[in-house]
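Following: one structure in structure tokens, then a few remarks.
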Amino acid sequence: MAATANNNKTLLLICVAYTSYDEIIHAVQESCKVKRSEIEELNSSKASNGVAEGVEEVSKLNGIIAHDVQGPSENSFHKFQALNSNRACNSVKGVENKNGPSVCGIQGFCADKWVDAASGACNCLNGGVEESTNKQQVLPTIKLLDVEKHMYMSVAPEPDILIRTSGENRLSNFLLWQTTNCPLYSLTALWPELGLWHLVWAVLNYQRSHYYFEKKKKQL
Amino acid sequence: LWCILHFIISIWCFLFEIARVVESYLISSGLLKSYKALDLGKLNYLAIVVGSEEAYQTAKVIELLEWLEAIGVKHVCLYDMEGVLKKSREAILEKMNNAIVFQEADERNKLLDQQHMTLEFASYSDGKEAVAKAANLLFAQYLKSANSSGDQEERIFTELHMTESLRAVGSGGPEPDLLLVYGPARCHLGFPAWRIRYTEIIHMGSLKSMRYGSLIKSIYKFTMVRQNYGK
């Protein structure tokens, strides 16, 4: 490595203990983490806008988070309401309308205000369900570009040629994602025996199919 | 200089092509004994990638499927980048009266059902874009688990999660054992990346010059291959 430390024309990437499966999963996971932090930023900015509490809790939902009722009282009526709300919250993902006065995550309401709050929040919620479905569409979803950004191999462009030694015709979990438009060659020579003539032959073959791949790339 | 070199190579490839035509003729006429008995035990799922310009030749595709049926291949996936084959799906199914479309729910039955040939049609949207959709599903699960048990730094997604989400999104077919590429170059053209990790990829030339003998030869070579799965 010391011998090539001052080279700057070509870059050699060595993959050790690498599989495409692992790369794809890692990329998805990183995108999830990034999106989650984006959502948290969105929520914190919404909280400072003074939206009504019931609606605010609904807008935090993207259909699958069930908020526990905070500071629950001993009243079994409240518990029953909380149960209903948990079930109903889970079904928002299917964009179904909630029936009845189910309320999610009301914080610190005391018992005598409950009934007023429930009816008030119910009206807000029915409006909030539509609002939350609109917000669902606005909530960040993971796109293809996000996943590609987090791949291990995003530091390098897609390969132009992929050479597989030892005559096997498989990719064996290597660069499955990045070889969409790239000719794959298998040489019968084993890795230590790879010589100049093998490379020349691979490049000549690449030149023959170059026109076809340029056309493909323009189509994308 | 390069032009001369390429000219020489073209002549070489032309001669090679003639040799292959002769060989495939010999194979189809049954003269070469080693190709007679094909053991299809290893070949559970075959995938075919067709270049999009050639995918319009539906008659050729149907002929190829008929050959495969004659050989005894039961489960085939047809792929082309732009989805042309998906559009000609009705025409293909009409001509192949012994074929049914691959359905996820029948997966358990399909391996036992020896009468029909199952066909699956895939395109570019079943590859990378399906992974993006599966990522959104996994994202939803991630949010749920992250909120209930605090921050987790360790790996929470496994290969199994990914496979399940891809299946839920609708592109979770089985992994092909053999992938035949019919096109100008040997390239998988975006076939769903999740499914081809150990798939043998063989280039068959272009669709209009497809030959029965080359098909037999590729399947035969596949049965001779030894795979080390690293288990």
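The values are calculated or read from the model by the stated rules, or taken from the named source; none is laboratory data. Just so it is clear, the model here is predicted, and its values are computed rather than measured. Cβ placement follows ideal geometry from the backbone for every residue including glycine, while neighbour counts extend to all protein chains displayed. The accessibility values were calculated without ligands, DNA or RNA, using every heavy atom of the protein model including side chains. Shrake-Rupley method; radii C 1.70, N 1.55, O 1.52, S 1.80 Å.
Restricting the first member to segment A:12-32 and to residues that are farther than 20 Å from A:PRO157 by Cβ, and the second to residues that are of a type in the set (Asp, Glu) and open to solvent by 10 Å² or more (accessible area, probe 1.4 Å), the beta-carbon pairs closer than 7 Å and six or more apart or on different chains are A:TYR21/B:GLU159; A:ILE25/B:GLU159; A:SER31/A:ASP146. One residue stands out in segment A:135-175 among those that are assigned to a helix (DSSP H, G or I) and either in contact with a helix residue (DSSP H, G or I) (Cβ under 6 Å, 6 or more places away or on another chain) or under 15 Å from B:ARG186 (Cα atoms) (or both): the one that is modelled with the lowest pLDDT, namely A:LYS135.
For residues that are surrounded by 16 or more Cβ atoms within 10 Å (Cβ to Cβ) and more than 9 Å from chain B (Cβ to nearest Cβ), scanning just segment A:179-201, find the one that is farthest from B:SER123 (Cα to Cα). Ranking the candidates gives A:HIS198 first. Being under 21 Å from B:ASP126 (Cα atoms), of a type outside the set (Lys, Arg), open to solvent by 10 Å² or more (accessible area, probe 1.4 Å) and touching a helix residue (DSSP H, G or I) at 6+ places or on another chain (Cβ under 6 Å) holds for only one residue in B:GLU200, B:GLU175, and it is B:GLU175. The sole residue among B:ALA132, B:ALA146, B:ALA122, B:ALA168 that is modelled with pLDDT of 75 or more, open to solvent by less than 70 Å² (accessible area, probe 1.4 Å) and either within 20 Å of the chain's Cα centre (by Cα) or farther than 22 Å from B:LEU189 by Cβ (or both) is B:ALA122. Residues that are in the same structural domain as B:TYR220 (by the TED database) and in contact with a strand residue (DSSP E or B) (Cβ under 8 Å, 6 or more places away or on another chain) do not occur anywhere in segment B:34-42.
Out of all the residues in segment B:210-222, is one or more touching a Gly at 6+ places or on another chain (Cβ under 8 Å) and either within 13 Å of another protein chain (Cβ to nearest Cβ) or closer than 23 Å to A:CYS182 by Cβ (or both)? The answer is no, given that none of the residues of segment B:210-222 is touching a Gly at 6+ places or on another chain (Cβ under 8 Å) and either within 13 Å of another protein chain (Cβ to nearest Cβ) or closer than 23 Å to A:CYS182 by Cβ (or both). Please specify each residue of segment B:171-201 satisfying the condition of being in a strand (DSSP E or B), free of Cβ contacts under 8 Å to residues at least 60 places away in the same chain and either more than 7 Å from every other protein chain (Cβ to nearest Cβ) or over 16 Å from B:LEU78 (Cβ atoms) (or both). If the condition is that a residue be in a strand (DSSP E or B), free of Cβ contacts under 8 Å to residues at least 60 places away in the same chain and either more than 7 Å from every other protein chain (Cβ to nearest Cβ) or over 16 Å from B:LEU78 (Cβ atoms) (or both), then B:GLU200 is the only one that fits. Tell me which residues, restricted to segment B:155-170, are within 9 Å of chain A (Cβ to nearest Cβ) and hydrophobic (A, V, I, L, M, F, W, C). Passing the criteria: B:ILE156, B:PHE157, B:MET162.
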